[in-house]
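So the structure is just underneath, and the comments pick up after that.
Every number here is computed from the coordinates shown, using simple stated rules; none is lab data. Model, not experiment: these values are computed from the prediction. Reconstructed Cβ throughout: ideal geometry from the backbone, glycine too, with neighbour counts over all protein chains shown.
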Amino acid sequence: MRCSRRTALTAASLLPASLLPATLLAGCQGLSTTSVDDQEFTSTLAIPPLAESTLDGGVRTFRLTVQEGTTQFTGFSEESTTWGFNGAFLGPTLRAARGEQVELEIDNQLAAETSVHWHGMHLPAAMDGGPHQMIAPGGTWHPHWRIDQPAATLWYHPHPHGATEEHVYRGLAGLFLLEDEASLAAALPSEYGVDDLPLIVQDKSFDRDSQLELHHDGAEPGQLGSTVMVNGTVGAVHEVSTERVRLRLLNGATARTFTFALPDRPMTMIASDGGFLEEPLELETLRLAPGERAEVVVSFSPGETVRLRSVRSDLGAIAAAATTGANDEFDVLELRAAETLAPCPEPEWSPAPEAQADALHEEDSTHTRSFTLNDREINGLEMDMSRIDEVVHLGSTEIWEVISTQPIPHSFHIHDVQFRILTVDGAAPPPELAGPKDTIYLLPHVEYRLLVRFEDYADPAVPYMYHCHMLLHEDEGMMGQFVVIEPGQEHLVGVEAMAGHGH
Ligand code: C2O
Ligand code: CU
Ligand code: CU
């Protein structure tokens with residue numbers, strides 16, 4: 001990797017050497033991995049196309065092809081080899097409504113085996129696209145399930161065990177938007193790509209030949225790129241034509257945590273990972289770890305130009321903040337408001353008819369489990385594809401207590417469910433963490449108690465995953481497996497039962 005960067009100055013580089021953490025003294029890589037290059041904001045923000053689908057008798061069918069291609073990123077002399085769905089980089093936005101049956105045909109045209117996981121989706125484990133649902137090169141996979149959860153901004157990405165970081169990093173990621181009666185009736189900007197913007201925010205590193213570079217040099221929590229892009233656009237600009245714009249933010253990075261902010265105005269947060277908050281929430285900053293999403297509504301005055309930024313992240317008591325990107329500050333997206341803006345009402349929505357049934361109740365919980373993250377392990381164990389770590393019962397509500405005991409960034413993601421954070425270190429969660437969540441940043445040494453319900457899909461032989469969503473950590477073993485079973489299926493849980501599934 002190169003050691004010189006156009007903007008290599010970080011707070012740490014101004015300190016006398018005696019105050020520098022040892023990792024920085026080892027060489028210049030600590031600095032170069034955490035600096036983000038300044039960009040000219042001159043390229044029109046790419047909007048991922050809405051995926052075509054057919055709707056027939058309540059069944060919505062999509063086709064995705066996983067493929068390699070080339071992408072010309074702004075500011076680079078040559079085209080880069082990249083991976084994408086139905087194109088060279090990233091993937092189309094899928095959209096479906098609650099109650100619809102979705103069916104997908106996924107063709108893998110890569111030379112590598114991969115999988116496609118529906119992050120945030122409530123669905124049968126065999127359809128989840130985790131490391132047990134691999135698609136061979138040239139192979140096809142046909143997952144199908146019924147959408148049965150609130151409107152939300154979900155996403156999809158590969159999950160091959162040991163290679164998820166690489167597959168996502170090369171470009172395999174897309175959004176999956178769910179609608180329901182509440183979202184369709186809400187007073188919210190909703191014109192896709194105009195005032196309802198999908199924003200996949202990522203950081204990348206490039207070598208001298210303009211090729212994506214992924215290196216593991218011991219930096220935590222993995223590689224931090226010096227080039228920030230949104231939907232694949234470096235230095236992205238979007239023309240705003242309405243008084244309010246809805247930003248659907250996905251942290252699609254493999255390691256970097258972003259803390260979004262806008263100059264001179266709050267953001268109005270309306271939704272977290274799994275759907276709407278109870279009410280609009282004014283925020284100055286919004287921290288999103290890899291895999292997390294949020295929807296915010298932002299107001300504009302005619303004629304102004306503002307930049308969405310990422311500012312210093314509060315990552316808690318971590319060591320060597322400069323090497324984790326916590327100190328980085330950089331622009332992400334330029335928003336240019338037209339001289340006249342179409343009016344747009346204040347954000348407003350009312351609960352969906354199913355909201356009461358969706359709600360989680362602490363008094364229903366029958367079981368508590370603890371998860372300690374440390375040293376690429378959860379509860380002292382590295383991921384083992386043939387080991388079921390947890391067995392939960394269909395229909396049960398549980399409390400999962402999660403803690404990172406290491407001074408580096410970690411996060412926690414659970415497949416299949418949207419959970420509710422009961423407490424953060426014993427106190428009520430801050431309002432931005434009080435809505436439906438499937439991924440959370442773990443401040444070191446802080447205990448998070450999560451309320452989780454497992455309903456609808458029992459399968460003793462196919463596990464769901466839970467893991468750190470810093471993808472290097474996940475690949476290196478910070479992941480576990482759980483199955484959901486019905487009474488009487490206990491003897492079917494285990495390695496034997498899993499033979500025949502997966503590869
Ligand atoms: Cu976003 Cu297990 O994944
Ligand atoms: Cu997931
Ligand atoms: Cu981690």
Subject >> Span from the segment 257-333 Cα centroid across to the segment 122-172 one, whole angstrom >> reply: 27 Å
Subject >> Calculated log₁₀ intensity ratio I(q)/I(0) where the Debye formula runs over C-alpha points of the chain, q = 0.06, 0.07, 0.08, 0.09 Å⁻¹ >> reply: -0.25, -0.35, -0.46, -0.59
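What's the exposure ranking of M385, M479, going from fewest to most Cβ atoms within 10 Å?
With the fewest neighbours first, M385, M479 line up as M385, M479.
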Subject >> For segment 48-174, the spread of Cα positions along each principal axis, largest first, Å >> reply: 48, 28, 23
**OP:** Could you sort 244-255, 404-415, 136-147 so that the peptide with the highest average Cβ count within 10 Å comes first and the rest follow in order?
**Re:** 244-255, 404-415, 136-147
Original post:
Looking at segment 355-501, what % of its DSSP beta bridges pair antiparallel, to the nearest 5?
Top reply: 65 percent
Original post:
What dipole magnitude, in Debye to the nearest 20, does segment 48-174 give about its Cα centre under +1 on Lys/Arg Cβ and -1 on Asp/Glu Cβ?
Top reply: 340 debye
**OP:** Pop a pseudo-label 7 angstrom from the Cα along the beta-carbon direction at both E40 and S370 and give the gap in nm to one decimal.
**Re:** 5.7 nm
Original post:
Is it possible to state the helix-based mean residue ellipticity at 222 nm for the chain, with each DSSP H run of 4+ residues giving -39500 (n - 2.57), the sum divided by total residues, to the nearest 500 deg cm²/dmol? What is it?
Top reply: -1000 deg cm²/dmol
**OP:** Work out, step by step, the length gained on full extension between A187 and E279: first 0.36 nm times the residue separation, then minus their alpha carbon distance; give nm to one decimal.
**Re:** 31.8 nm
Original post:
In segment 257-330, what trypsin sites (Lys or Arg not before Pro) fall in a loop by DSSP, with at most 16 other Cβ atoms inside 10 Å?
Top reply: R312
